[in-house]
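Beneath this line is the structure, given in structure tokens, with notes to follow.
Just so you know, all these numbers are worked out from the coordinates, no wet-lab data involved. Just so it is clear, the model here is predicted, and its values are computed rather than measured. Neighbour counts are summed over all protein chains in view; Cβ atoms, including those assigned to glycine, are modelled from backbone coordinates with ideal geometry.
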Amino acid sequence: MAWQVYGFRFASWLAARTPQAIAYPLCAIVGDLYFWLNPAHSQKAVDNFAVVLADSPMAKRVRLTARRSFRNYLKSLYDFFRQMSLDPDLFEADALIDGQEHLDAALEQGKGVLLITMHFGNWDLAAGITANQGYPMVALADQFSPPAVDRLVRFGRNRTGVGLVTLDQGALRRTVQLLKQNTVVGVLVDRPQREGGVEVSFFGAPAWLPAGAARFALRTGAVPIFGYVGRRPGDRTFFGAYEPLPSYTPTGDTAKDIQALTQIFVLAMENLLRQYPDQWYMFRRMWDTEVAVPASRSRG
């Protein structure tokens, strides 16, 4: 629809002209307003954080963490729209990324790298920094609708040097080809996905997550690396890291191997979320309510 395209362009124009000192407080206000005005949506985040924090969904700290998550998500949206019309190097200059040696060591194996990440902090910035450091960087991404908006999103991400592979019927073949070319492929692994997913233990409760990243690693021999970029207090700078994951020797049982490798990814996500829970943007219900909420209450 035309209004979506115009709205996207206006948001980009406005973000480029609004100083961070003004924009970030406004994003926090809008995040709070959305949290209170859309309880059906915000409750999903509350239920998720009840499991992460092992507390009741009614607990003050759980609801505050969910509110902060909405605030931080709005700030990340502002950053994304701002990068549409500003030099991407401006964002990288404010970020300190550790562990580059782990990424280099993984690429030396020549089988590609799966940059395992999540809806945390500023994942677009994480991919952009990797590309700007000179690594061949491609991200697996959903296709937006209408197509005109999808083209704008692609333009914003391509500006940082990140290539995109759309999650469609050709994604598997194309991703395998890229990994064989020793490319870094970014994969978000924290979206709940029962159909075609794999069951794991996530903060002590059963959850279904995408199996694709583990399948790619097992099929190609690509090295999984956990990567992320988060926001520092004060919103002026970012922190991030490339973290090695424990090695896994396949057993030959495909289903077992996929589950075990995905569980390794989950443990890395848990470690990060225990430190910075309010920078996780998961506004879909991660755990089945009848399983997760009573369990979280019992631990509170």
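Multiplying the sequence separation of Arg236 and Ala16 by 0.36 nm and subtracting their Cα-Cα distance, what value in nm do you get?
Working: separation 220, 0.36 × 220 = 79.20 nm, distance 1.60 nm.
Difference between extended and current length: 77.6 nm.
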| request: Sort out for me the Cα centre separation of the range 147-219 from the range 1-76, rounded to whole Å. | output: 24 Å
| task | Loop sites only, by DSSP: take the GluC sites (Glu not before Pro) in the chain that have at most 13 other C-beta atoms within 10 Å and name the longest stretch containing none of them. | result | 1-107
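Which whole-number percent gives the relative contact order of the chain, counting Cα pairs below 8 Å spaced six or more residues apart?
Working: 502 pairs, mean separation 80.0, N = 300.
Relative contact order of the chain: 27 percent.
State the extension gain, in nm to one decimal, for the chain segment bounded by Thr254 and Leu37, taking 0.36 nm per residue of separation less the distance between their alpha-carbons.
Details: separation 217, 0.36 × 217 = 78.12 nm, distance 4.52 nm.
Result: 73.6 nm gained on full extension.
Please work out how many pairs of lysine residues in the chain are eight or more positions apart (or on different chains) and have Cα atoms closer than 29 angstrom.
Details: Lys44/Lys60; Lys44/Lys75; Lys60/Lys75; Lys111/Lys180; Lys111/Lys256; Lys180/Lys256.
The result is 6.
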| said: If you restrict to DSSP beta bridges whose two residues both lie in the chain, what percentage is antiparallel, to the nearest 5? | reply: 40 percent
| said: What are the ³J(HN,Hα) couplings of the range 270-280, residue after residue, when phi is run through the Karplus curve with 6.51, -1.76, 1.60 and θ = phi - 60°? Round to Hz, x for glycine and proline. | reply: 4, 4, 5, 5, 5, 8, 9, x, 6, 9, 9
| remark: Rounded to one decimal in nm, the spacing of the 7 Å Cα→Cβ label points at Phe144 and Asn158 is 1.4 nm
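Return the equivalent ellipsoid semi-axes of the chain as a descending list in whole Å, where each equals the square root of 5 times an eigenvalue of the C-alpha gyration tensor. Numbers along the way, then the final one.
Working: eigenvalues 158, 139, 64 Å².
Three semi-axes, in Å: 28, 26, 18.
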